[in-house]
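Report on the following structure.
Any read-out appearing in this document is the output of simple, stated calculations on the displayed coordinates, not a laboratory observation. Please read all numbers here as calculations on a predicted model, not as lab measurements. Don't worry about glycine lacking a Cβ; one is built from the backbone with ideal geometry, like all the others, and counts go over all protein chains shown.
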Amino acid sequence: MRGECNLFISFIIYTFFMSYTPGPNNLLALDGTLRLGIRGTLKFLIGIGLGFLTLSLLCLVFSEYMAIYFTSFIFIIKLVGFVYLLYLAYTVFKHNSSDANLSHTYRLRDGLYLQYMNPKTIVYVLTAIVTYVTTQDMTIFASVSYTVTIAFIGVSGAVAWAFLGLCFKKILLKYNTAYKICMSFCLVILAFMMLLE
């Protein structure tokens, strides 16, 4: 019983750490809220949630198979994710305050697709499921509960960063050019970090 409790605490700490550290989900949630407000970014956040949930459930179902082909699979995702993050960095950098079309970057399907092209999310979810779920002797209900918890905590990180965008909106918009350069640079750095990991 004590071992299960320690395992659960370790799982929660790992999940929160991976969900709340900077990554594409969190940076784009912050940027979307800064540009479009919570309402304008809500569909994107829902897409992140749906993406996390479906990805987590797929990882649970195919965890043994994915563990065998993990290296090849991750390499392909890294390439696709690299290109996608560079595109997002360009979109953020080129955005003008008067440009109303930025909302195309913050649609539900964009949040959903981002999960399937984000190596950080895939590695995080697969590692959590293999380490804390499939290697343990759990019931199906417990396995699904852990998996849903991963998705819930994952999307909560993006929501928290979205609210950071609201809190610092005045400051970030005051220094808009510096903010765009910094945000784009962070996305480019993330893209290269993910590709080279």
With everything on Cα atoms, drop me the angle between helix 140-167 and the longest principal axis of the chain, reported from 0 to 90° to the nearest 10.
20
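What number does the stretch 113-197 give for Rg over Rh if you use C-alpha atoms and the Kirkwood radius? Spell out each step's value before the answer.
On the way: Rg = 17.2 Å, Rh = 15.5 Å.
Result: Rg/Rh = 1.11.
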For semi-axes √(5λ) of the Cα gyration tensor in Å, the choices are (i) 39, 20, 12; (ii) 25, 21, 14; (iii) 31, 18, 14; which was calculated from the structure?
(iii)
If you fit an axis through the alpha-carbon atoms of helix 70-94 and take the longest principal axis of the Cα set of the chain, what angle between them do you get, 0 to 90°, nearest 10?
20
Between 0 and 90°, nearest 10: helix 2-20 axis offset from the chain longest Cα axis
20
Towards the positive end of the charge dipole of the stretch 72-191, with charges on Cβ (+1 Lys, Arg; -1 Asp, Glu), say which of Ile129, Leu190, Tyr179 has the farthest Cα.
Tyr179
Give the lysines reachable from Lys170 as a straight Cα distance under 16 Å; neighbours fewer than 8 places away on the same chain don't count.
Lys180
Scaled by the rule-of-thumb 2.2 N^0.38 Å, the alpha carbon Rg for the stretch 1-56 gives a ratio of 1.47
How big is the charge dipole of the chain about its Cα centre, in debye rounded to the nearest 20, if each Lys and Arg gets +1 on its Cβ and each Asp and Glu gets -1 on its Cβ?
820
